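To start, the structure itself, in structure tokens.
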């Protein structure tokens with residue numbers, strides 16, 4: 001009986017997750033076999049910001065008029081040194097960063113200008129396509145869903161639709177994005193069911209689908225290895241199954257063994273009873289009429305009503321030829 | 001289906017584990033406090049100019065707090081190490097971290113309440129593949145939380161606990177790369193995922209066939 005309950009659940013679960021299962025498989029196969037964009041951006045050039053520090057007169061960081069930070073780093077932008085005062089220490093660079101920049105020579109507050117971003121963009125781009133003016137974007141940013149900080153964006157009118165993203169304060173390159181990566185990102189969105197654009201795979205929708213898929217896979221595994229057959233034992237002695245047809249086709253006498261199921265003997269001789277489960281006792285479709293009154297098992301009680309049982313209707317996969325030697329089918 | 005059925009079940013179970021546990025938790029991010037004590041800038045007596053006179057090739061220079069003291073942390077080819085730490089008050093270079101210092105850093109950073117179980121040295125590779133000495137500090141908590149502290153810099157560079165190890169194995173089973181879990185493009189996965197796509201497509205075809213032929217069967 002547990003098999004029938006499980007088969008029923010299996011059917012509804014399959015309906016729920018079937019399409020997503022196919023999406024997981026296809027996108028998973030894509031990651032395995034076809035994706036190669038991560039370090040493959042033909043329009044990317046490294047930008048050299050660093051200059052030579054010794055000999056420069058640096059303004060002492062302790063004299064800068066700002067609250068004391070957690071960390072001070074010396075960073076370089078277009079050959080000039082700057083102090084980066086960091087007020088938090090995010091574990092990932094895309095987490096919100098609290099910072100201030102100061103010119104390391106004068107000690108005055110500083111941040112990158114639009115013109116400087118445009119000039120870095122030209123250095124960071126290999127190709128001759130025209131660049132858009134830099135735009136300061138606030139998160140969420142379509143190309144970088146995890147990013148929680150504002151970034152400069154410069155677009156290039158090339159065949160890859162290159163977009164280059166820069167740190168809002170320093171103008172350092174964060175990422176080049178091209179169409180191939182956008183396609184890969186789409187595959188990840190589909191694989192992670194991340195339709196709200198969180199950039200992660202820990203959200204309730206996928207958890208629900210993962211639970212459903214677990215139940216689907218486990219019930220499928222159970223259904224695959226367990227089959228419900230006839231109850232009771234029969235000797236393996238030879239006997240004959242006689243089949244009559246309502247449609248008027250000539251009766252057939254089929255050689256069998258008493259412990260064979262009616263379903264297997266019929267299909268062995270080319271007579272296919274309607275079935276979805278292949279004789280596993282799940283679908284209840286392989287109905288036939290027995291001339292004798294063979295015992296009824298739980299599977300048949302589940303699939304057939306009182307009137308059918310009284311009329312000798314049974315399931316071919318649940319009856320052995322030994323107890324059910326003469327049957328009637330609707331048509332051959 | 002019998003061929004790829006087991007992998008289907010493994011994908012489903014490992015996938016469920018991975019989506020249920022927050023990835024930041026798995027990475028051990030909640031194991032340590034973010035460093036938030038402000039730098040004692042006014043204590044600094046050893047200036048950047050002095051630092052550069054002593055280490056002309058210094059790059060990636062940072063002023064940070066290590067064991068309650070402001071220090072310079074930077075890269076330089078001087079000596080036998082890659083990362084250097086110099087006391088910003090006295091200008092004295094710091095040796096590799098001692099076991100007692102590592103214990104102090106771990107206790108200060110750890111967000112839990114458990115005591116330290118073991119501290120042991122380890123030579124390991126960093127992200128760039130270079131060999132670096134570490135202290136491995138394990139806490140006596142339910143997840144066996146472990147912090148890996150760089151001996152050269154005093155930074156906590158890895159955070160591990162049992163859920164991470166389970167996650168790592170789930171990942172290996174998910175991508176069918178059983179040795180180190182780093183190769184998503186392995187041939188096994190290619191073969192099985194291709195077969196799995198075929199199984200799923202044939203299942204879909206059977207479903208469509210069943211929905212369209214039902215009427216004929218009833219006649």
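Nothing in this text is a laboratory measurement; each read-out follows from the coordinates by a stated rule. Given the structure is predicted, the values throughout are model-derived calculations rather than measurements. No Cβ is skipped: glycine too gets one built from the backbone with ideal geometry, and neighbour counts run over all protein chains shown.
Kindly put B:42, A:301, A:323 in sequence by how many other C-beta atoms sit within 10 Å of each C-beta, fewest to most.
Working: B:42 9, A:301 12, A:323 17.
Least crowded to most crowded, the residues run B:42, A:301, A:323.
Based on the Cβ-Cβ distance of residue A:63 and residue B:99, what FRET efficiency does E = 1/(1 + (r/R0)^6) give at R0 = 35 Å, to the nearest 0.05?
FRET efficiency, residue A:63 to residue B:99: 0.40.
Go ahead and collect, in residue order, the members of the range A:146-161 whose backbone nitrogen is under 16 Å from a label point 7 Å along the Cα-Cβ direction of residue A:94.
Residues A:146-152 qualify, since their backbone N sits under 16 Å from the label point.
Can you tell me how much longer the chain between residue B:202 and residue B:80 gets when fully stretched, taken as 0.36 nm per residue apart minus their C-alpha distance, in nm with one decimal?
Working: separation 122, 0.36 × 122 = 43.92 nm, distance 6.21 nm.
Once the chain is fully extended between residue B:202 and residue B:80, it gains 37.7 nm.
For the range A:1-114, what is the convex hull volume of the alpha-carbon atoms per residue, in Å³?
234 Å³
Just grab the label-to-label distance for residue B:130 and residue B:47, each label 7 Å out from Cα along the Cβ direction, in nm (one decimal).
Using points 7 Å along Cα→Cβ, the separation is 2.9 nm.
Using all C-alpha to C-alpha distances in chain B, build P(r) with 10 Å bins and read off the rounded percent in each one.
Final binned percentages: 7, 22, 23, 18, 12, 8, 5, 3, 1, 0.
Over the range A:238-329, what per residue volume does the convex hull of the Cα atoms give, in whole Å³?
87 Å³
Compute the label zone of residue A:126 within the range A:141-167: residues whose backbone N is under 20 Å from the point 7 Å along Cα-to-Cβ.
Answer for the range A:141-167: A:154-166.
Report for the range A:238-329 the percent antiparallel among DSSP-assigned beta bridges with both residues inside it, nearest 5.
Of all bridge pairs located within the range A:238-329, approximately 75 percent are antiparallel.
When every alpha-carbon pair in the range A:191-304 is counted, what percent end up more than 22 Å apart?
53 percent
How far apart, in nm, are two points set 7 Å out from the Cα along the Cα-to-Cβ line at residue A:227 and at residue A:305?
Rounded to a tenth, the inter-label distance reads 3.1 nm.
How many nm is it between the label spots at residue A:108 and residue B:37, if each spot is 7 Å from the Cα in line with the beta carbon?
Going by the 7 Å Cα→Cβ label model, 3.6 nm.
Report the gain in length on full extension from residue B:59 to residue B:123: 0.36 nm times residue separation, minus Cα-Cα distance, nm rounded to one decimal.
On the way: separation 64, 0.36 × 64 = 23.04 nm, distance 2.42 nm.
Length gained, residue B:59 through residue B:123: 20.6 nm.
Cut-off 12 Å, label point 7 angstrom out along Cα-to-Cβ of residue B:210: give me the residues of the range B:1-36 whose amide nitrogen falls inside.
Under 12 Å, as judged by backbone N against the label point of residue B:210, lies no residue of the range B:1-36.
Return P(r) of the protein assembly as shown (all Cα-Cα pairs; 20 Å bins starting at 0; whole %; ordered from short to long distances).
Per 20 Å bin, starting at 0, the Cα pair percentages come out as 16, 36, 25, 14, 8, 1.
Please report B:99, A:115 as a ranked list, fewest other C-beta atoms within 10 angstrom at the top and most at the bottom.
The fewest-first ordering by Cβ neighbours comes to A:115, B:99.
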